[in-house]
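So the structure is just underneath, and the comments pick up after that.
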Amino acid sequence: MTKPEEGPGAHIEVIPAAAEQEPAMANLLELYAHDFSEFHDLEIGADGRFGYPSLPLYWSEPDRYPFLVKMDGKLAGLVLVKRGSEVSGNRTFWDMAEFFVLRGCRRRGIGTQVAHEVWRQFPGPWEVRVMQSNVSAHDFWMRAISAFTGEAIHPVYAEKGGERWKLYTFESKAAK
Ligand SMILES: CC(C)(COP(=O)(O)OP(=O)(O)OC[C@H]1O[C@@H](n2cnc3c(N)ncnc32)[C@H](O)[C@@H]1OP(=O)(O)O)[C@@H](O)C(=O)NCCC(=O)NCCS
């Protein structure tokens, strides 16, 4: 195991994940779920995995887009995008279903760069949901979205599945 290289100029790629890469996505989702289990009630199975039951749908249903993130050719995270608001059900919205940067790759601007690239790829109205309890992600999204739109953004609050969420809605006009 080698540590990712430090410093600017790292080559970041957001790559559509093929069906053969589902096991790699599933492994990364385990790390993501473990991070979440620190502030959210997630139960691990007897097999030692949290599991992500809807992952196969990303290769069998339309309007679902799985991506692997690579830094200098090595896995650095994942993104799952799908169509439709989880809160209102509005089908015109894009939803950032999951977004993860590996711990060893954080605080170098990778998350921001990846989010911007994804928003540019999917023009139209966006909804980004953050659990109220996911405190470290709040500043990240506010900064990433404001930098993307060029405007200050303020969340609204929503309750779903017994969870309180901060919701950011904005328009991606980037693909011209
Ligand atoms: C949230 C996450 C995607 C951020 O990725 P990242 O690559 O570290 O983000 P960036 O380096 O682009 O951060 C940009 C800015 O966001 C803010 N930020 C990022 N992580 C932060 C943290 N843990 N605490 C406070 N602010 C944070 C900072 O202002 C940061 O700028 P700075 O490093 O110059 O201070 C990453 O920490 C992660 O994957 N977390 C676990 C999964 C998760 O919560 N995903 C979001 C689900 S809604």
*Convex hull over the alpha-carbon atoms of the chain: what's its volume per residue in Å³?*
137 Å³
_What does the net charge come to around Val156 if you take all other residues with beta carbon closer than 12 Å to its beta carbon, with K and R at +1 and D and E at -1?_
+1
_the chain - percent relative contact order, Cα under 8 Å, separation 6 or more_ = 18 percent
*Just check the range 82-167 against the gyration tensor rule for me: Cα atoms, a ≥ b ≥ c as the square roots of the eigenvalues, rounded for a/c under 1.5, and otherwise prolate or oblate depending on whether a/b exceeds b/c.*
oblate
*Work out from phi, with θ = phi - 60° and the Karplus expression 6.51 cos²θ - 1.76 cosθ + 1.60, the ³J(HN,Hα) of each residue of the range 36-48, listed in order in whole Hz, and give x for Gly and Pro.*
5, 5, 6, 10, 9, 6, 10, 9, 8, x, 5, 7, x
*asked:* For the chain, what does the helix formula give at 222 nm: sum of -39500 (n - 2.57) over DSSP H segments with n ≥ 4, over the residue count, nearest 500 deg cm²/dmol?
replied: -7500 deg cm²/dmol
*Just rank Phe140, Phe99, fewest to most, by other beta-carbon atoms within 10 angstrom.*
Phe140, Phe99
*What number of lysine-lysine pairs in the chain show an alpha-carbon separation below 25 angstrom, given a sequence spacing of 8 or more or placement on distinct chains?*
8
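Taken together, the values in this text are just the output of simple stated rules run on the coordinates, not laboratory data. Since the model is a prediction, treat every value here as computed from it, not as a measurement. Neighbour counts are summed over all protein chains in view; Cβ atoms, including those assigned to glycine, are modelled from backbone coordinates with ideal geometry.
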